[in-house]
Amino acid sequence: MPTEESEKIIRKIVNQLRETGMRKTEALEELLQTMLDHHRPFLLSELGEMPGLKNRDQATIYRLVMKLKEAGVVRQLSLGERGNYFQINLSDHHHDYLLCRECGMVTEVPVECVLHEVEQKLAARHGWKDLTHSLAFQGICPECLAKP
């Protein structure tokens with residue numbers, strides 16, 4: 001459900017995308033809203049099953065996600081063996097994850113990350129800019145453990 005904050009973020013992203021020649025479409029707004037509403041990484045196949053995107057062609061969703069990735073709005077994460085995940089790239093939000101090896105469930109874990117200082121040192125030492133990381137702890141979730 002759109003909130004004032006998510007609408008503000010979407011407007012900012014759409015304005016940024018217009019500078020690259022991308023048009024504002026209903027599908028684009030629905031995709032951004034879905035990704036903002038759920039605050040987690042998605043497989044492309046999962047996005048197509050979300051209520052706000054069920055009526056959208058999977059190819060349309062794929063093309064939009066790839067364009068958003070090229071524009072730096074969405075980042076691609078390699079978490080486990082199920083495929084690539086995609087998440088809105090909000091620069092003021094850092095994400096680390098718990099990943100279930102059985103069902104593939106991804107849970108964001110809000111922890112203070114001790115790697116930021118390491119990132120800064122590595123970037124300075126090697127001359128890199130905009131260095132980021134993502135960290136995924138893998139295990140078996142409570143739902144999978146409860147299965148017989």
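Between beta-carbons, use under 11 Å as the cut-off and find the net charge around ALA136, counting Lys and Arg +1, Asp and Glu -1.
-1
Tell me the relative contact order for the range 89-135 as a rounded percent, counting alpha carbon contacts under 8 Å between residues six or more apart.
32
Within a Cβ distance under 12 Å of ARG18, other residues only, what is the Lys/Arg minus Asp/Glu net charge?
Working: positive: ARG11, LYS12, ARG23, LYS24; negative: GLU19.
With Lys, Arg at +1 and Asp, Glu at -1, the net is +3.
Distance check, please: which entries in LYS12/LYS67; LYS12/LYS121; LYS69/LYS129; LYS24/LYS54; LYS24/LYS67; LYS8/LYS67 exceed 23 angstrom between their Cα atoms?
Cα-Cα > 23 Å for LYS12/LYS121; rest within.
Just from its helices, what would the mean residue ellipticity at 222 nm be for the chain, if runs of 4 or more DSSP H residues each count -39500 (n - 2.57) and the sum is divided by every residue, rounded to the nearest 500 deg cm²/dmol?
Computed mean residue ellipticity for the chain: -12500 deg cm²/dmol.
Neighbour counts of other C-beta atoms within 10 Å: give me GLU4, GLU70 arranged from fewest to most.
Least to most surrounded, the residues fall as GLU4, GLU70.
Once you have a ≥ b ≥ c as the square roots of the Cα gyration tensor eigenvalues for the chain, tell me rounded if a/c is under 1.5, and otherwise prolate or oblate according to whether a/b is larger than b/c.
oblate
Peptides 96-103, 27-34, 48-55, 141-148: what's the order by average Cβ count within 10 Å, highest mean first?
For the peptides 96-103, 27-34, 48-55, 141-148, the packing ranking is 27-34, 96-103, 48-55, 141-148.
Taking only C-alpha pairs under 8 Å that are 6+ residues apart, what is the relative contact order of the range 1-89 in percent?
For the range 1-89, the relative contact order is 27 percent.
Values quoted throughout were computed directly from the atomic coordinates according to the rules given, and no laboratory measurement underlies them. Remember, it's a predicted structure, so these values are computed and weren't measured experimentally. A quick note on method: Cβ atoms are made from the backbone with ideal geometry, for glycine too, and the neighbour counts reach across all protein chains shown.
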